[in-house]
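Report on the structure given below.
The values are calculated or read from the model by the stated rules, or taken from the named source; none is laboratory data. Predicted model only: the values in this text are computed from it and were never measured. Here the Cβ positions follow ideal geometry from the backbone for every residue, glycine too, while neighbour counts run over all protein chains shown. Accessible surface areas use protein heavy atoms only, side chains included; no ligands, DNA or RNA. Shrake-Rupley method; radii C 1.70, N 1.55, O 1.52, S 1.80 Å.
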Amino acid sequence: MAAVTEAPPVAPAPERKPPRKRGRWTPYLLLLPGLLWLVVFFALPLIYQASTSVQTGSLEEGYRVTWHFATYWDALSEYWPQFVRSVAYAASATVLCLLLGYPLAYLIAFRAGRWRNLIMILVIAPFFTSFLIRTLAWKTILADGGPVVGALDALHVLDVTAWLGWTAGDRVLATPLAVVCGLTYNFLPFMILPLYTSLERIDPRLHEAANDLYAKPSTTFRKVTFPLSMPGVVSGTLLTFIPATGDYINADLLGSTETRMVGNVIQSQFLRILDYPTAAALSFILMAAILFMVTFYIRRSGTEDLV
């Protein structure tokens, strides 16, 4: 029999130390520039505005903090019509943007084909022009005696809008309709882009499955397409409604003294009347109102994950 040889003893592997967490501060360092930006350009101005809203005094004597919270009530009681008008104009423009933007976004997402990129360029092309110039262009489009006013008058649309109080009966400029048209045009891309992004993510096989189940096109849209595009609808309405509520350029250039929005009041209080406490109080009231409406809207739409 062959002799059995014993294997040499194997030396135990050296014990490895757990690796040190070298990158635990990396996420915080990456967030630092953004946090500094928010603190310097958002938090600090917000605190300063809050301090200004509770000050009393005058421009000659200077303002000092006296915790005069009655400024909020005085501002709201005096300028509540402008608040209501701003919400009404912004809501009307948002609804129009949704009605105009959804079919276009649907076309780009499902039917544009090789023309998709061209249509997207046309959608964002207005951003290459100044907001002010785009709004001034609408003064020419809606000019008295122009083709738009003539067509609306021939179709008796001006008679209906005059009965509703949106036009003057024979003109469109310096009326609520002109302001809403300007808001709709300027903020329409903010509605189309989120809608297109949401619609593009829908799996086409879902539409095929609906067709296989003999669903009508209207039923497919109501049961499949629109519910799946709700994140885009909510995002688009928020991106349109929020800036439209505080806008003052359209009301200033296309409207009149009867169509002033709260943004016009704040701009006037800051730059003309120089009543800084009232202007700051109006800004905070507007911000609080928008925050309340947006939160209520998101909760009702069932998309709390967007907050």
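Below is a table of values for the structure above.
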item	result
Arg85 being farther than 20 Å from Ser235 by Cα, part of a helix (DSSP H, G or I) and either touching a strand residue (DSSP E or B) at 6+ places or on another chain (Cβ under 8 Å) or open to solvent by 60 Å² or more (accessible area, probe 1.4 Å) (or both)	no
From the options Pro194, Pro231, Pro204, Pro243, residue that is surrounded by fewer than 19 Cβ atoms within 10 Å (Cβ to Cβ) and under 22 Å from Phe131 (Cβ atoms)	Pro243
Leading residue by the ranking (surrounded by the fewest Cβ atoms within 10 Å (Cβ to Cβ)) among those in region 246-265 that are within 21 Å of the chain's Cα centre (by Cα) and among the small types (Gly, Ala, Ser)	Gly246
Residue count for region 266-297, restricted to those that are charged (D, E, K, R) and open to solvent by 60 Å² or more (accessible area, probe 1.4 Å)	1
Count - residues of region 57-78 that are open to solvent by less than 40 Å² (accessible area, probe 1.4 Å), assigned to a strand (DSSP E or B) and at negative phi	1
Any chance Trp115 is of a type outside the set (Lys, Arg) and under 26 Å from Asp170 (Cβ atoms)	no
Any helices (runs of 4 or more DSSP H) falling wholly within region 95-176 and containing at least 2 residues that are open to solvent by 50 Å² or more (accessible area, probe 1.4 Å) and in contact (Cβ under 8 Å) with a residue 24 or more places away in the chain	131-141
